[in-house]
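Visitor: Sharing a structure here in structure tokens format.
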Amino acid sequence: MSLTETSLFADRTAAAGLNDLTNLPGATHATRVTADGAGWLASAGPYPRSTLAHWRERPDAPVVLPCGTAFDVVGVPAVFGRRMLDRLWAEGPGSGPVAVHRGRMLLFAAPGTAHRLPSLLEWEDFGSRSPAAGRGRADGVPPLLCHGNGDAVTVPAPVGGPGAPHAASRWLVAPDTRRPWLPGPEILLWAAVRAARSAVRISIFPPPDQDAKVYDVSRRR
């Protein structure tokens, strides 16, 4: 990634609020992978001892790990992913490990999620579509990249290097146990639909004109 691309990436993630997630309601999480968390990540690959040995020598090195065994990964655009995290932490059960890689947020999910989530989204959209409006509840959900069995993802380094808060690959919610809780497809579907609704509310209600008159319509009968 060039210097210009890195700068643009940093601007996008700052605008999305990804450099500081401490203001997520109810969120208490680590941004550095613990030894137990590293063990869990390494267990996804065929040679976990080799992965751990590599990290002992180069703790700031990302690695590519297969999905489908220890975890699946759902990739979403960074801004929409932040809205999903807001919903998960404010109104839901929280999230599993979360990373950022080259402008997309990676939500670590339970194995099998990548297979089921696209079907659930399609059904949610079809089942809720209004004949009059022609829109469904999932219309505002951007394309999700679901990585499951047979896929692999780049996992950020356990320890961030220089400039880690703005790095192109880094942890937002790092794994810190041998068995981290992982959301399933139903929970991520719920979060995506709620995030899409919040985006619609933001777009249809622009900032009020400071000089405009305000009328109290609550007394109408």
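Visitor: Cβ-Cβ distance below 6 Å, separation of 6 or more or different chains: which pairs start in region 137-153 with a residue that is of a type in the set (Gly, Ala, Ser) and end on one that is crowded, with 20+ Cβ neighbours inside 10 Å and assigned to a loop (DSSP other than H, G, I, E, B)?
Guide: 148/67
Visitor: Within region 187-201, can you find the residues that are modelled with pLDDT of 95 or more and either farther than 13 Å from residue 121 by Cβ or open to solvent by 20 Å² or more (accessible area, probe 1.4 Å) (or both)?
Guide: If the condition is that a residue be modelled with pLDDT of 95 or more and either farther than 13 Å from residue 121 by Cβ or open to solvent by 20 Å² or more (accessible area, probe 1.4 Å) (or both), then 187, 189, 190 are the ones that fit.
Visitor: Separate question: Could you look through region 169-186, keep only residues that are in a loop (DSSP other than H, G, I, E, B) and of a type in the set (Gly, Ala, Ser), and pick out the one that is surrounded by the fewest Cβ atoms within 10 Å (Cβ to Cβ)?
Guide: Taking the candidates together, the pick is 184.
Visitor: Any chance region 62-83 includes a residue that's open to solvent by 30 Å² or more (accessible area, probe 1.4 Å), of a type in the set (Lys, Arg) and under 18 Å from residue 104 (Cα atoms)?
Guide: yes
Visitor: OK, next. If I filter region 4-22 for residues that are of a type in the set (A, V, I, L, M, F, W, C), under 19 Å from residue 155 (Cβ atoms) and either touching an Asp or Glu at 6+ places or on another chain (Cβ under 9 Å) or modelled with pLDDT of 90 or more (or both), do I get at least one hit?
Guide: The answer is no, given that none of the residues of region 4-22 is of a type in the set (A, V, I, L, M, F, W, C), under 19 Å from residue 155 (Cβ atoms) and either touching an Asp or Glu at 6+ places or on another chain (Cβ under 9 Å) or modelled with pLDDT of 90 or more (or both).
Visitor: Hey, another quick one. Exactly one of (1) modelled with pLDDT under 95; (2) in contact with an Asp or Glu (Cβ under 8 Å, 6 or more places away or on another chain); (3) under 28 Å from residue 69 (Cα atoms) is unmet by residue 169. Its number?
Guide: (2)
Visitor: If I ask for residues that are part of a loop (DSSP other than H, G, I, E, B) and surrounded by 14 or more Cβ atoms within 10 Å (Cβ to Cβ), which ones from region 145-160 would you list?
Guide: 148, 151, 156, 157, 158, 159, 160
The values are calculated or read from the model by the stated rules, or taken from the named source; none is laboratory data. If you're wondering where the values come from, they're calculated on a predicted model, not measured in any experiment. Cβ atoms come from the backbone with ideal geometry, glycine included; neighbour counts cover every protein chain shown. When the accessible area is computed, the model is the full protein with side chains, heavy atoms only, and any ligands, DNA or RNA have been set aside. Shrake-Rupley method; radii C 1.70, N 1.55, O 1.52, S 1.80 Å.
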